[in-house]
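The values are calculated or read from the model by the stated rules, or taken from the named source; none is laboratory data. Keep in mind that what you see is a predicted model, and the values were worked out from it rather than measured. Cβ placement follows ideal geometry from the backbone for every residue including glycine, while neighbour counts extend to all protein chains displayed. What goes into the accessible areas is simple: the full protein's heavy atoms, side chains included, and nothing from ligands, DNA or RNA. Shrake-Rupley method; radii C 1.70, N 1.55, O 1.52, S 1.80 Å.
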Amino acid sequence: MDAHYSAQIGVNGDIKHSLLRIMELATPQTGHPLRSLRDSLIKEISQHQDDEAMPLKPQKIIWDLRTAMALEDIAISDVGAHKMWMARMFRCEEPNTCIISNGFASMGIAVPGAIAAKLAFPERRVVAVTGDAGFLMNSQEIETAMRLNTPFVILIWNDSGYGLIEWKQMNEYGRKSHVDFSNPDFVKYAESFGAKGYRIENGTDLLPTLQQALADNTVSIIDCPVDYSENIKLTNKLGEMVCPV
Ligand SMILES: Cc1ncc(C[n+]2csc(CCOP(=O)(O)OP(=O)(O)O)c2C)c(N)n1
Ligand SMILES: [Mg+2]
């Protein structure tokens, strides 16, 4: 509960007991109240399926990711602007198939999270979806993954920056400060662990590269350039929806 969610009734109590009692008293929803929201999100993301722009737009990355992954496969999202897009647009059809570091929102969860997911569900394919900064926070765990033989894909959204922090700075101050950095060569970095590395060179490469990487029986790292100019466009669009004047 915070500024954006004002409760009509507050319930303090044991969570299990409270939920069971609420369940007894509440009337089930009829129909599908969230259907129109779901339909409009699907419509929005579908508009980007044939987008060939380079760097790739967040919506196109998510379209290709959803297309390449089976519904029972597991995506683990790190924390940053990519997480905002994943949470907003990644169609999650099965429970616990999109794991997101929320709450305290610690960066660096994606690679270790993918190892854990693969250990728990060896028969499913796993993708760690991560920003470049969050990836570099725990990328040493590629060694663990190689040693434990847990194959999965690491999809790095490369903007050479703290994308989410820049997004917040632009919203708040209209300029950015101290959020840019340079990256190592992620392909060579992957290879130095004995893993596989791929670099996306044009807008139509991501889907076939994801399909190839998902079929690799090792850790595969995809360096995918992202166009975060879409972030501010989304802020403006949402702003218009809330307050059309
Ligand atoms: C351990 C930790 N440090 C700092 C932060 C604050 N923080 C949230 S997002 C972010 C930038 C993320 O950058 P990157 O991983 O490149 O993702 P992008 O936003 O560019 O998609 C930072 C510094 C955090 N959530 N967790
Ligand atoms: Mg980044």
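Here are some notes:
- Looking at the range 142-243, the strands (runs of 3 or more DSSP E) lying wholly inside it that each contain 1 or more residues that are within 12 Å of ligand 1 (Cβ to nearest atom) and either in contact with a helix residue (DSSP H, G or I) (Cβ under 9 Å, 6 or more places away or on another chain) or among the aromatic types (Phe, Trp, Tyr) (or both) sit at 152-158, 219-225.
- Matching residues in the range 129-151 - criterion: being away from ligand 2 (no atom under 14 Å from the Cβ) and without any contact (Cβ under 8 Å) to a residue 60 or more places away in the chain: 138, 140, 141, 143, 144, 147, 148, 149
- When residue 112 is tested against the conditions (1) surrounded by fewer than 20 Cβ atoms within 10 Å (Cβ to Cβ); (2) outside any helix (DSSP H, G or I), the lone failure is (2).
- Selected residue [open to solvent by 50 Å² or more (accessible area, probe 1.4 Å) and within 16 Å of the chain's Cα centre (by Cα)] from 137, 84: 84
- Some residue of the range 196-205 being under 19 Å from residue 147 (Cα atoms) and open to solvent by 50 Å² or more (accessible area, probe 1.4 Å): yes
- First in the range 152-167 and in contact (Cβ under 8 Å) with a residue 12 or more places away in the chain and under 16 Å from residue 127 (Cβ atoms), second anywhere and outside any strand (DSSP E or B) and open to solvent by 30 Å² or more (accessible area, probe 1.4 Å), Cβ under 6 Å, 6 or more apart: none
- Elements of type helices (runs of 4 or more DSSP H) contained in the range 1-81, each with 1 or more residues being within 16 Å of the chain's Cα centre (by Cα) and surrounded by 10 or more Cβ atoms within 10 Å (Cβ to Cβ): 35-46, 58-68
- Within the range 176-191, one or more residues are surrounded by 20 or more Cβ atoms within 10 Å (Cβ to Cβ) and either of a type outside the set (D, E, K, R) or over 21 Å from the mean Cα position of the chain (by Cα) (or both).
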